[in-house]
Amino acid sequence: TSVLAEGPLGHSKRLTWYATFRKSYLQYLLDHLNTNFPNLVFGFTDAQGKLTFQHTPKHTITLTLLEADSGLNRSSIKSQLGVGSLMLSNYNLTSLNLGSRYAPSQSFLVNSHVAWMRERGSASNPTGVSLGNDGYAEWVGRSDATWIEGTSPLAGTMYFGGFARRLRDDGYNAEYQSSGLVELDRYRGAAVRSGGYVQQSWNVRNRVQFNAGLRYDRTTAVAVPVVSPFASLTIEPFSATRVQLAWGQYAQFPELAQSFSIFGSQRLLPERSTHVEAAIEQSFGDKTRLRAEFYDRQDRDLLDRPLFDPRLLVNGTVFSAPNSAPWANSQRGYGRGAQIMLQRRTANGFTGWISYAYGVSNVSDGVLHLQFPTDNDQRHTVNVFGSYRLKPTVNLSMKWLYGSGLPIPGFYRVV
């Protein structure tokens, strides 16, 4: 069920509001209609409100509040649950966002936000023993600007901005094993993350489009800052032909739950990735196009717990993984492939596409001295879709997908 209300405040009507509330009754329906799925006794409740103030025709201020709560309750089948089973869990989210949108001229726009959010989660077994909890909170300030640099052929658009975030995370996870309740992880820490970016784009007579930019990020939880450049070029040598090239370097810092884990370290490095992509597209009239894409991605300093998985060794013995296996930047990897697609688009008549994609994705681990396909390494994918509009109120469609399959994750034998 849900309810929504909205309207203006005051005689000037420059201040408007809306409020909405939702509640799920899925758990009650499942309890009465189908007793074969006791694991699905799940429900949620959330509420959201927003105030919008039109300070001037060029300046708008908004305030948004979100409160959400969801949970799982399997107490009705408590007698059927083991000591290691999940019986009760709860998740709560609170978010407050103050935003400003300011456009002093037609060529300049600034969006700014100051926000706070908090997440809390917990889980327990039938005897009331906690199997885990997590608490995350964040303060963030962010500002993004867009500047259109005139109307001359060489004029472009500049995007720039910056942010600062104050993060905090704490929690733990546990499970019952043959030796009893075992703590799988525990973490507690805080950090400040900040950064900024600038991007410049040019569009020359709609035949050449060029974008280039630079991003800088740092966090107090990691000693190494990150600089990420990127660029893209689109050329239309003929009216029906388009060529696209793109290159970029990207990074992702470890989560606080990894840096401050009892199995982690603040010496962990950010994960790095370099992307290269090329595409060519040929149009046949205004409804049909043929597009071919090629990509290559090189990853390094990937995070993993390489000694956490049990496996069978060459001599036939079983390596029993310790619960204390540490996090490490132990992996490198790559993903590369190509895709070709033929598509026809029209509001009436026949619409559809057919595509084929080939991809290879591998990872090598420097601690284990192993190389293996990633869990998402699907080599061949075919996608066919067709739709035909018989008349304004009747439409027929068909979809067929084929995938060659994914690797089975886990260790079986090291040879």
Qualifying residue in the range 79-89 (condition: surrounded by 14 or more Cβ atoms within 10 Å (Cβ to Cβ) and part of a strand (DSSP E or B)): yes
Matching residues, the range 276-317, being of a type in the set (S, T, Y) and either under 20 Å from Q249 (Cβ atoms) or not in a loop (DSSP other than H, G, I, E, B) (or both): S283, T288, Y295
Write out, first by first residue and then by second, each pair whose Cβ atoms fall under 8 Å of each other, whose residues are 6+ apart or on separate chains, and whose first residue, in the range 356-368, is under 15 Å from R336 (Cβ atoms) while the second is open to solvent by 50 Å² or more (accessible area, probe 1.4 Å) and assigned to a loop (DSSP other than H, G, I, E, B). Y358/R379; G359/Q378; G359/R379; V360/R379; S361/N376
Counted residues, the range 281-307 - those being without any contact (Cβ under 8 Å) to a residue 40 or more places away in the chain and loosely packed, with under 15 Cβ neighbours inside 10 Å: 3
In the range 98-116, residue farthest from P57 (Cα to Cα) [restricted to those that are in contact with a Phe, Trp or Tyr (Cβ under 9 Å, 6 or more places away or on another chain) and open to solvent by less than 50 Å² (accessible area, probe 1.4 Å)]: A115
Could you tell me whether the range 197-215 includes any residue that is within 15 Å of S259 (Cβ to Cβ) and open to solvent by 60 Å² or more (accessible area, probe 1.4 Å)? no
What are the residue pairs meeting all of these: first residue in the range 308-330, first residue among the charged types (D, E, K, R), second residue part of a loop (DSSP other than H, G, I, E, B) and open to solvent by 40 Å² or more (accessible area, probe 1.4 Å), Cβ atoms under 9 Å, and 6 or more apart or on different chains? D309/G410; D309/F411; R311/G410; R311/F411; R311/Y412; R311/R413
Looking only at the range 336-366, and only at residues there that are open to solvent by 60 Å² or more (accessible area, probe 1.4 Å) and under 28 Å from the mean Cα position of the chain (by Cα), the one that is nearest to T393 (Cα to Cα): W353
Candidates A137, A191, A174 - the one that is open to solvent by less than 50 Å² (accessible area, probe 1.4 Å), assigned to a strand (DSSP E or B) and out of contact with any Phe, Trp or Tyr (no Cβ under 9 Å at 6 or more places or on another chain): A174
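The values are calculated or read from the model by the stated rules, or taken from the named source; none is laboratory data. Keep in mind it's a predicted model, so treat the numbers as computed, not measured. Backbone-built Cβ (ideal geometry, glycine too); neighbour counts: all protein chains shown. The protein model used for the area step is the full one, side chains on, heavy atoms only, and it has no ligands, DNA or RNA in it. Shrake-Rupley method; radii C 1.70, N 1.55, O 1.52, S 1.80 Å.
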